[in-house]
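Following: one structure in structure tokens, then a few remarks.
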Amino acid sequence: MSSRVVDANGDSIVLEERELAVAHGALGWDFPEGEGDERIETWPARGDVIRDEVTLCTGEAAGVRWRRESLREAWARGEVVLPPWVIHHAFGGDEVQSWQVAPSVRMLPVRTPTLPPATHTNTFLVGADVFVLIEPAPVDPAEQDLLRRWVDDARKEGRRCEAVLATHHHHDHVGGASLAAELGVPLWAHEETASRVSAPVGRLLRDGERIALGEFALDVVFTPGHAPGHLCFVEPKSGTAIVGDMVAGVGTILVEPGEGDMSLYLDSLRKLRSVGARKMLPAHGGVIADPAAWIDHYVAHRLAREAKVRAALTAEPQSVETLVAVVYADTPRALWGLAALSLRAHLEKLVRDGDAVDDGGWRAR
């Protein structure tokens, strides 16, 4: 079932409401808390929520009518979950369609080859007279040109671009890493990211340091687990955290074996929660207005999945293919390929924890 978006009188938008789990891009997934199939009850959607598949249509649609500006403001506060292509349809406006999501932060979704249901990666300009560009994401030349023009527009206002910052090395985050040199500024990243990107990194960022941006600043938070060099950036005045792929506003986060580490990822989620951010800006999806609840949900979901993995292990070795059908029985089969990667990350964690053995198959210790 698709949500509908109707452009009514060129002035307002009609949206159908959807449950948060659907809007989160997790149709067919359970989000258990505790045992059994109990669902988390503390995730009500504040405002109108729509799913990732959207059909533009004509005529009347059952739903709540929003004035464009009210919808835009609600989305910027994190009260409405909107996929990026709905944002463009709903708001229109300038050719470079960025949005003020905090006093010192503007956000611009750009198309990238990312994992579905996401189709875009959010990029950010942070600062006032002095600013940085975070997430040199796009591979596509037209999307890269969009970022160039965005920075050039800021420079025409007399503002100075200090650097381009990368949260981590995945291709949907550094596809345009060469833009830093083209813009005449350095690329800054963690040393683990620097060793994995082709563009030269001019400054290695470390956990706990502060990047001065005139009247604003960014605090660097090292959050490995999804990627070895993953960084989050917190603007302390507004309590806004730019969190890359630690969480998502649409879809979920893949912790892939090899470079990913489930134990580190869970530790990093808890570390991010301790920052006390009042707003989170993920790389995929919209503004997250209740960071603590969102992170608690992620941790609970991962631990509940881990419990399912542990329960599925027996004294006899089993393959990942056998286990995924049990552990991810609540997941559409089309997603079992990705689920198998997450399953292996959970299994590797259980081996390190002393609860599982890998000896040609996975079994309980």
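The values are calculated or read from the model by the stated rules, or taken from the named source; none is laboratory data. Here the structure is a predicted model, which means the values were calculated and not measured. We place every Cβ from the backbone using ideal geometry, glycine too, and count neighbours over all the protein chains shown. SASA here: full protein model, heavy atoms, side chains in, ligands and nucleic acids out. Shrake-Rupley method; radii C 1.70, N 1.55, O 1.52, S 1.80 Å.
Sorting Glu191, Glu135, Glu162, Glu73 by accessible area puts them as Glu191, Glu73, Glu162, Glu135; the probe is 1.4 Å, largest comes first, and only protein heavy atoms count. A Förster radius of 22 Å, combined with the Cβ-Cβ distance separating Val139 from Ser198, puts the computed FRET efficiency at roughly 0.95. Of all lysines in the structure, the ones whose alpha carbon falls short of 30 Å from that of Lys308, not counting any fewer than 8 places away in one chain, are Lys271, Lys349. Of the peptides 98-104, 344-350, the order by per-residue mean of other Cβ atoms within 10 Å, starting with the highest, comes out as 344-350, 98-104. The residues of segment 156-198 have, on average, 43 Å² of accessible surface per residue, using a 1.4 Å probe with all protein chains present. Extension gain for Leu341 to Gln100 (0.36 nm times residue separation, less C-alpha to C-alpha distance): 83.2 nm. Averaged per residue, segment 206-307 has 31 square angstrom of accessible surface, using a 1.4 angstrom probe with ligands and nucleic acids left out. Please work out the Cα center distance from segment 275-296 to segment 207-235, rounded to the nearest Å. The two parts, judged by their Cα centres, are 15 Å apart. Once a ≥ b ≥ c are taken as the square roots of the eigenvalues of the Cα gyration tensor of segment 175-227, is the result rounded (a/c under 1.5), prolate (a/b larger than b/c) or oblate (a/b not larger than b/c)? Verdict is oblate for segment 175-227.
The residues neighbouring Pro138, those whose beta-carbon lies less than 15 Å from its own, together hold a net charge of -3 under the Lys/Arg +1, Asp/Glu -1 convention.
Residue by residue, segment 124-131 carries 3J(HN,Hα) couplings of 9, 10, 10, x, 10, 5, 10, 9 Hz when phi is fed to the Karplus relation 6.51 cos²θ - 1.76 cosθ + 1.60 (θ = phi - 60°); x denotes Gly or Pro.
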